[in-house]
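A short write-up of the structure that comes next.
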């Protein structure tokens, strides 16, 4: 059964245990406002660019400080839902969910496909 992580320390610990790094993208929302998208990238290959081995990182997303990323997660009222731990495996699958207690995944907060 999946569990929802809401505390900043447990979110950061979960991500860092899987070599996760926070990423932010500020994009126009269409109404003249700026919308901030959050993501977590896992492993060195997602951070490579130019002539390094592996694919370039996700277009537009930039690495962010954990404090900034967690503050934006809080501002948007989001948490992350992760799978139960399986012995011997560090699954990095997650999705953003509303932190209102209902744990509903919002379309705008779903983890982007890689």
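The values are calculated or read from the model by the stated rules, or taken from the named source; none is laboratory data. Quantities reported herein were computed from a predicted structural model and do not represent experimental measurements. Quick reminder, even Gly has a Cβ in these numbers, built from the backbone with ideal geometry, and neighbours come from all protein chains shown.
Restricting to the stretch 84-95, and then to whatever is closer than 13 Å to residue 2 by Cβ and at pLDDT 85 or above, can you tell me which residue is surrounded by the fewest Cβ atoms within 10 Å (Cβ to Cβ)?
93
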Considering only the stretch 57-66, I want to know if a residue exists there that is surrounded by 12 or more Cβ atoms within 10 Å (Cβ to Cβ), at pLDDT below 65 and in contact with a helix residue (DSSP H, G or I) (Cβ under 9 Å, 6 or more places away or on another chain).
yes
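Among the listed residues 49, 21, 71, which satisfies the condition of being more than 11 Å from the chain's Cα centre (by Cα) and at pLDDT 85 or above?
71
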